[in-house]
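Take a look at the structure below.
The values are calculated or read from the model by the stated rules, or taken from the named source; none is laboratory data. Note that the coordinates shown come from a computational prediction; the quantities given were computed from them, not determined experimentally. Glycine gets a Cβ as well: all are built from the backbone with ideal geometry, and neighbour counts include every protein chain shown.
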Amino acid sequence: MLTKIPKQNPIILSDQELRIIEEARVALGLETTEEALETLIRMRVRELMMKLAGREIVKTQRYL
């Protein structure tokens, strides 16, 4: 299930953060800054979930 970021709560970005997101947008071939931000957030969340899942697997294997 995909959920869109609500447009009601604007995100305040510094010039440096905006520049980095724009670079990512171009590199990923996306049209808007919002798409780039959503994609980067999604990628980061997946990365953290995989890291946490790996910890759980290691923790479970220790007790087997």
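Checking the conditions here, which among Thr60, Thr39, Thr3 is at pLDDT 90 or above and of a type outside the set (D, E, K, R)? Let's see the steps before the verdict.
Details: Thr60 fails: at pLDDT 90 or above; Thr3 fails: at pLDDT 90 or above.
Among Thr60, Thr39, Thr3, only Thr39 is at pLDDT 90 or above and of a type outside the set (D, E, K, R).
The residue list Glu23, Glu35, Glu56 contains one member that is part of a helix (DSSP H, G or I), over 9 Å from the mean Cα position of the chain (by Cα) and surrounded by 12 or more Cβ atoms within 10 Å (Cβ to Cβ), which is Glu35.
Check whether at least one residue in the stretch 43-52 is in a loop (DSSP other than H, G, I, E, B), within 15 Å of the chain's Cα centre (by Cα) and either at pLDDT below 85 or surrounded by 11 or more Cβ atoms within 10 Å (Cβ to Cβ) (or both), and report yes or no.
Taking the stretch 43-52 and keeping what is in a loop (DSSP other than H, G, I, E, B), we get none.
No, the stretch 43-52 contains no residue that is in a loop (DSSP other than H, G, I, E, B), within 15 Å of the chain's Cα centre (by Cα) and either at pLDDT below 85 or surrounded by 11 or more Cβ atoms within 10 Å (Cβ to Cβ) (or both).
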